[in-house]
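The values are calculated or read from the model by the stated rules, or taken from the named source; none is laboratory data. As the structure is a computational prediction, the values presented were derived from the model and not from experiment. Glycine gets a Cβ as well: all are built from the backbone with ideal geometry, and neighbour counts include every protein chain shown. For accessibility, only protein heavy atoms count, side chains too; no ligands or nucleic acids. Shrake-Rupley method; radii C 1.70, N 1.55, O 1.52, S 1.80 Å.
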Amino acid sequence: MGRRAWWGVAAAFVLGAGAAVTVSALGEVTSGVTVSPRPPADEMPRTRQALVAKWEQERAEAGLKLPEGWQKMSTDEIRTAYVSQRRANAGPPPTGAALDPEFAGPDR
């Protein structure tokens, strides 16, 4: 390979590296644009104790107590039960007129 070819390879490398740095810098600048002014939603409890406490709260809202033998459940099983209870407490999703009271139908 001749000297000109090596210079071409070196120039292409420098241009590519410069482009990569520019793109990554632009990505960092625009990443803050999507931050919401609202506080974050409830996070999933991270420890088993916190998860059991939240699950117990959700069950209490439904008028239930923790099931027999819950201590033998794995953390994943408790997490699944907690999420299921939370969804059950939220009720069914809104439909029909609750979504759009002014909707007159598809023939409108």
Exercise. Could you provide, to the nearest whole Å², the per residue accessible area of the range 52-108 with probe 1.4 Å?
Key: 80
Quiz item: How many nm separate the modelled label positions at Ser84 and Arg3, each set 7 Å beyond the Cα in the direction of the Cβ?
Solution: 7.7
Quiz item: Distance in nm between label sites at Ala97 and Lys72, each 7 Å beyond Cα in the beta-carbon direction?
Solution: 5.0
Quiz item: If Trp70, Trp6, Trp55 are ordered by their accessible area, calculated over protein heavy atoms with a 1.4 Å probe, which sequence runs from highest to lowest?
Solution: Trp6, Trp70, Trp55
